[in-house]
Each structure stands twice: as structure tokens, then as C-alpha cells.
1. Where a ≥ b ≥ c are the square roots of the eigenvalues of the C-alpha gyration tensor, would you call the stretch 90-131 rounded, which needs a/c under 1.5, or, failing that, prolate if a/b is larger than b/c, or oblate?
2. How high is the FRET efficiency between ASP99 and LEU179 when r is their beta carbon distance and R₀ equals 35 Å, given to the nearest 0.05?
3. Which one of GLN176, GLN195, GLN66 has the biggest mean-square fluctuation once the chain is modelled by GNM with Cα springs under 10 Å?
4. Report, in debye and to the nearest 20, how large the dipole of the chain comes out about its Cα centre when Lys and Arg carry +1 and Asp and Glu carry -1 on their Cβ.
5. Out of SER150, GLN191, LEU132, whose Cα points farthest toward the positive end of the dipole of the stretch 99-220 (charges: +1 Lys, Arg; -1 Asp, Glu; placed on Cβ)?
6. Let me have the relative contact order for the chain, percent, based on Cα pairs under 8 Å that are six or more residues apart.
7. Could you please state how large a percent of the accessible area of the chain is carbon and sulfur, counting protein chains only and using a 1.4 Å probe?
8. If each DSSP helix of 4+ residues adds -39,500 (n - 2.57) and the sum is divided by the residues in the chain, what number results at 222 nm, nearest 500 deg cm²/dmol?
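The values are calculated or read from the model by the stated rules, or taken from the named source; none is laboratory data. Please read all numbers here as calculations on a predicted model, not as lab measurements. Note that we place each Cβ from the backbone using ideal geometry, even for glycine, and neighbour counts take in every protein chain shown. Side chains are part of the model used for accessible areas, which takes the heavy atoms of the whole protein and leaves out ligands, DNA and RNA. Shrake-Rupley method; radii C 1.70, N 1.55, O 1.52, S 1.80 Å.
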Amino acid sequence: MNEKYLSFLISELIFTIDDLEINQKQEITSKYDETFGELESIAEELNLNIRILRRKIELINTHTPQDVEEIIKKEFKEEEKSEEVQEINTKVDKKELDDIYREIINRVSPVLYDFSHEDFDKIKEHYKNKDLESLRKIKKELPKLSLKLSEEELEETREDLEYKIAFILKEFPFNQMELLENHDAVVYNLQKLEQLCEDYKMMYASLQEEYNLKAARFSY
């Protein structure tokens, strides 16, 4: 393969990685959360409460109920969860957005050219924010650069990027795509989650009873 064609293949692989991590990952995660998120949240909360009760049962042997509560507050201090909601303009021509970003990658990607990583990260941020106007402007002002890699280095880079894509697709949420597309598998896993939640509820009730019996001795 000649250098020009190899550089094109590499730019397409770079775009594929960015598209997976910026666009497709969010879409698949949203679909997964819509399907399993509620039950998974319930199961996680029940699991946390069970771990707290087990710790309380352990502590009540040597501490008063009041002391137990204070210790639990410190050991299981809830971490504040803050989600930054970023408003992104989604009313853009996705095809044009992708095509322009592809061309920019092909012409100035730091993987292929001596181009500032910091400047390219800003370009990537415009793509992430679907800022089509900024990308149009950048496209018009792109410098003409020469490839910095030899043909052998281009081959190695292509292989590395293909490996990276394969690795990404094995991770969450991409490894859940087949599950989400299989109705029977979705139903089966929802039933498993429901059963897990029921098991956790029974376990919690049993542990709560055990703790109450041990704590009752401080009432006398």
C-alpha cells in the first residue's frame, strides 16, 4: 500500500474511534440504562443496605446503637453524585459534521502530521459539541502538511488502531450490543435482575431482624 492510501485508512480508523467514544457509546449506554437501569439501581441500593446491616451487626456486639450509627455514617458516607448536563446543539447535519471532521483528521491529525495535540483536542471538542460552524471555519483554514510517518510506521499505526477498536468493542457498553438486540435475552436478564432484587429484599429483612434483636438488649 502507498503512503497516501495508508494515511487515509488511518484517518478513517481515528474517526471510527472518536465516533465510537463520542457518539455510539452514549447512544448504547442510554439504551442500556433505559432497559436495565432502574432494576440495576434498585439492586445496587439493596446491596449497599445489606453491607451496612452486616457491618452494624458486627459493631453492635461492642458498641451502643447510637455509636453504631455514628460509625456507619463515617464508613458509608455517601459520595455526592453530580452530573454535568451539557447542552449540545443536536439540530445539525450529522453527515456534514462527520464528513468535515473526517477531512480534518485526514489533513492534520497529530497521529499523521506535526500538528499540535492541544489544537486538535479543541477541534475534537467542537465535533463532540456538534459545533458545525466552528468545524467549517477550521476546515477553510487548514494548513498543508506533510506526513511525518514512513510507510512502515504507517502500517504499524494502522495495526495499533485496529487493535484499539477491537479492544473498545469488547468493553462496556459495546459488549452489550448483542444482548440489547436480542429480545429473549433482554427478557431473561430482566427476570434475573428482578429475582436478584427479591433475594436481596429477603436477605435484608433477615439481617434487619438479627440486628434488631441484638440492639434490643440496650433497651433494658
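1. It comes out oblate by the Cα gyration axes.
2. For ASP99 and LEU179, the calculated efficiency is 0.65.
3. Comparing GLN176, GLN195, GLN66 in the GNM, the peak value goes to GLN66.
4. In total the dipole reaches around 460 debye.
5. Projecting each Cα onto the dipole axis, the largest value belongs to LEU132.
6. So the answer I get is 41 percent.
7. Using a 1.4 Å probe with all protein chains present, the chain comes out at 48 percent carbon and sulfur.
8. -22500 deg cm²/dmol, from helical runs alone.
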